[in-house]
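The values are calculated or read from the model by the stated rules, or taken from the named source; none is laboratory data. For clarity, every value in this text was computed on a predicted model and none was experimentally measured. Don't worry about glycine lacking a Cβ; one is built from the backbone with ideal geometry, like all the others, and counts go over all protein chains shown. Ligands, DNA and RNA are excluded from the accessible area calculation, which covers all protein heavy atoms including side chains. Shrake-Rupley method; radii C 1.70, N 1.55, O 1.52, S 1.80 Å.
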Amino acid sequence: MVEQLLINDDDFYVPDANLLVTEDDTPVDNFASAKQQRLLVGSLYSSLQNQTFLAEANVGVYYTDLQPAIVPDVFLSLDVQLPQNWWEKQNRCYMVWRFGKPPEVVVEIVSNKEGDELGKKLKIYEQMRASYYILYDPTQQLGEQALRIYELRGMRYFETSETWLEQVGLGVTLWQGEFEGRQDVWLRWCYQDGTVLTTGDERAEQERQRAEQAEQRAQLLAERLRALGIDPDTLS
């Protein structure tokens, strides 16, 4: 178990947020990555409604004022909330010294070899002390592995074959199916039994199917009662 360092503003130097770049308004993603990011973030908010966490895509994370922010494709930070006034400069992105800890999980989706996900980014997330670094490489730009998971042990990342992220109580899995009208293989969060966290649309579809099945059962029962000479409309 990795214990994350909690930062107290009273004990540490806090950089001036007005001197930091919190956004640059530069669109950089492709269609596939954008959809994958929405799936990962949206399913968390749809399925974990009773938990406190912050998950976002393409939002900068400042881990030190000596370096520019790093922008994970997706991050998950437990037991933190968005500040009430998110338009204040100091609240526009994830500053580790403001939230008191780094995110537990950072995810990078590889679309080319320019991001240096196995080099510079891995070292940054290791230095930032994110508990897990997940690398999804759907087109195998960096090798034969589509999914790599790194776990922080002490001060170093170690690659693991374990897809259950014990410290966050969630797992990840590769799932083939349809999302937003597109059939593909997707990276998804899952429970320990392998069941994926559902999106809002999936939950609504499940409810529709349950209602439809209940109506079909009611119609079948009514037909059986009529076959026995019983009018179901007279039953209370």
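Take the conditions in a loop (DSSP other than H, G, I, E, B) and small (Gly, Ala, Ser) and apply them to GLY115. Does it pass?
yes
Kindly check whether there is at least one residue in segment 224-235 that is β-branched (Val, Ile, Thr) and without any contact (Cβ under 8 Å) to a residue 40 or more places away in the chain.
yes
When you go through (1) over 17 Å from GLY60 (Cα atoms); (2) modelled with pLDDT of 95 or more; (3) exposed (fewer than 15 other Cβ atoms within 10 Å of the Cβ) one by one for ASN112, which number turns out not to apply?
For ASN112, the failing item is (2).
Somewhere in segment 88-102, is a residue among the hydroxyl-bearing types (Ser, Thr, Tyr) and in contact with a helix residue (DSSP H, G or I) (Cβ under 7 Å, 6 or more places away or on another chain)?
For segment 88-102, residues among the hydroxyl-bearing types (Ser, Thr, Tyr) and in contact with a helix residue (DSSP H, G or I) (Cβ under 7 Å, 6 or more places away or on another chain): absent.
Being in contact (Cβ under 8 Å) with a residue 60 or more places away in the chain, in contact with a Pro (Cβ under 9 Å, 6 or more places away or on another chain) and surrounded by fewer than 23 Cβ atoms within 10 Å (Cβ to Cβ) narrows it down to one of ARG129, ARG92, so name that one.
Every option except ARG129 fails the conditions.
Collect the residues in segment 95-109 that are of a type outside the set (Asp, Glu) and either assigned to a helix (DSSP H, G or I) or at pLDDT 95 or above (or both), keeping them in residue-number order.
VAL96, TRP97, ARG98, PHE99, LYS101, PRO102, PRO103, VAL105, VAL106, VAL107, ILE109
For segment 25-42, what are the residues that are closer than 19 Å to ALA55 by Cα, at pLDDT 90 or above and of a type outside the set (A, V, I, L, M)?
SER33, LYS35, GLN36, GLN37, ARG38, GLY42
Take the residues in segment 35-84 that are open to solvent by 70 Å² or more (accessible area, probe 1.4 Å) and of a type in the set (D, E, K, R), then tell me which one is nearest to VAL110 (Cα to Cα).
ARG38
What are the residues in segment 132-165 that are of a type in the set (A, V, I, L, M) and either open to solvent by less than 40 Å² (accessible area, probe 1.4 Å) or in a strand (DSSP E or B) (or both), if any?
ILE134, LEU135, ALA146, LEU147, ILE149, LEU152, LEU165
Return yes or no: is GLN167 more than 15 Å from GLN37 (Cα to Cα) and touching a Ser or Thr at 6+ places or on another chain (Cβ under 8 Å)?
yes
Contact list please: Cβ distance under 9 Å, first residue in segment 157-179 and over 22 Å from SER77 (Cβ atoms), second residue at pLDDT below 95 and open to solvent by 70 Å² or more (accessible area, probe 1.4 Å), pairs at least six apart or on different chains.
Final answer for the pair search is PHE179/ASP201.
Please work out which residue is nearest to the chain's Cα centre (by Cα), limiting yourself to segment 188-232 and to residues that are of a type in the set (Lys, Arg) and open to solvent by 40 Å² or more (accessible area, probe 1.4 Å).
ARG203
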